[in-house]
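**Student:** Sending over a structure as structure tokens; questions will come in a sec.
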Amino acid sequence: MMVDSDATTDIPIDGGDRKRAETVDLTDAPLVVDISDAVSERDKVKFTVHTKTTLPAFRKPDFSVVREHEEFVWLHDRFVENQGYAGYIIPPAPPFPDFENSRRKLQQLSESEGLMTKEEFGKFKQDLEAEYLALFKKTVAMHEAFLIRLASHPELRDDVNFRVFLEYDQEIGIRGKNKKEMFDSIKKIISKHGDEVWLSGQKDVDDFFDQQKGFLNEYHTHVKEAAKKSDNVVSEHKNLINDHVKLSSYMTQLASADKSGLSKFLEAYSDIFEKSRKVEFKKASDHDLKLTDTLVYYQRETQAAKDLCLRRSRALHDFEEANKSLERARAKNKDIQQAENHREECQKTFEKLSELAKSELRDYRGRRVVAFRKGLIELAELELKHAKAHFQLLQHSLESLKGEKNGVA
């Protein structure tokens, strides 16, 4: 049984760009980072990372640089590979900007233009363009959330690589991995999975971590499943929206072919489906942003917390092995001092990592609760707003239909 915050930000972007108008308050935050502008090109997205700070390590209090996705991944890898940060939850790297599916849908729509009415084509194209824009906003939000997490962390924000990422006004110059580096990466992944299995039965000396590992494993499974189901709900909702387009089009065609005086009635009916489609699209987008995105983000953040627990389990294993090595050295009366030094070093590493990890996991729990509470409250408020809009739409539509019916009579 399971025992026991930073949600993605809404980013209004028009035409692939967006400018942030609000001012940034540095009273409580010495380092504030946001993505002030983003431009989508065919094979990449360029993010303008804007920084305001009062930290003396930076040369200016206000500056901006342009970064690409690969540079975000480079920054994430620098944190993961730094053993000095082994006791911290490293924020998950933002996902790769993948617009290929949306582009493919637009391409398929263009190829099918001759098989549908001009009105249908226009509505489908409008919806696909809105979907592309929503995905672009989500991509920007995920990259911004990664930087916000780093900037708000009292230790990670002081990292020299983070300063280079924020302040260096040229390309960082990231080269692709060579064969040896790719092979090393694969070995690390295999080693990590091996450690997860090998250390899964390890008896922890601290009940807190024993409970946390069990909770994180179960929670990760649940939040992953919830994210998948939430995404399926959004997909089915979009299918419903497509049906609205078809119904509206059919009503318009019937109105054009009508000879019995029902054309205005059918046109009014078509208009109802068109207006309803717009409300449903907003509902689907808000559900995706406020619930699905939050679930997906904390699925990835929970994996980062699990990785922290795994690093601590490795440190505990190393400490236990060092104790055994010291016992063997004493039994043989050989290399005792060397074994004692190694044991002391492993003990310090384990105790320091445990102390940091305990604080990180407690902070993670607080952020997670705040993020879900915020997202669910905002989703409920938006659902109420859309329900009222839908009610008013149906009310006005019924009055309109009654008027057209009386006109026909």
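The values are calculated or read from the model by the stated rules, or taken from the named source; none is laboratory data. Since the model is a prediction, treat every value here as computed from it, not as a measurement. Cβ atoms come from the backbone with ideal geometry, glycine included; neighbour counts cover every protein chain shown. When the accessible area is computed, the model is the full protein with side chains, heavy atoms only, and any ligands, DNA or RNA have been set aside. Shrake-Rupley method; radii C 1.70, N 1.55, O 1.52, S 1.80 Å.
**Student:** What accessible area per residue, rounded to a whole number of Å², is obtained for the range 24-143 using a probe radius of 1.4 Å?
**Tutor:** Per residue, the range 24-143 has 51 Å² of solvent-accessible surface.
**Student:** So, one more: By how many nm would the segment from His222 to Lys46 grow when fully extended, if each residue of separation counts as 0.36 nm and the alpha-carbon distance is taken off?
**Tutor:** Contour length minus the Cα-Cα distance gives 59.9 nm.
**Student:** At a 1.4 Å probe radius, carbon and sulfur cover how many percent of the accessible area of the range 314-373?
**Tutor:** 44
**Student:** Another one. How much net charge surrounds Phe58 when only the other residues with a Cβ under 9 Å from the Cβ of Phe58 are counted, with Lys and Arg +1 and Asp and Glu -1?
**Tutor:** Result for the neighbourhood of Phe58: +2.
**Student:** On average, how much accessible surface per residue is there in the range 258-409, in Å², for a 1.4 Å probe, leaving out ligands, DNA and RNA?
**Tutor:** On a per-residue basis, 58 Å².
**Student:** Each label point is 7 Å from the Cα along the Cα-to-Cβ direction; what then is the distance between the points at Asp169 and Val80, in nm?
**Tutor:** 3.2
**Student:** Got a number for carbon plus sulfur as a percent of the range 204-299's accessible area, 1.4 Å probe?
**Tutor:** C and S atoms contribute 54 percent here.
**Student:** Additional query: With 19 Å as the limit, write out which pairs from Lys105/Lys290; Lys52/Lys137; Lys44/Lys138; Lys123/Lys278; Lys290/Lys385 have Cα-Cα distances beyond it, or answer none.
**Tutor:** Listed pairs above 19 Å: Lys105/Lys290; Lys52/Lys137.
**Student:** When the chain is fully extended, how far beyond the present Cα-Cα distance does Lys229 get from Arg362, taking 0.36 nm per residue of separation?
**Tutor:** Stretched fully, the Lys229-Arg362 segment lengthens by 45.1 nm.
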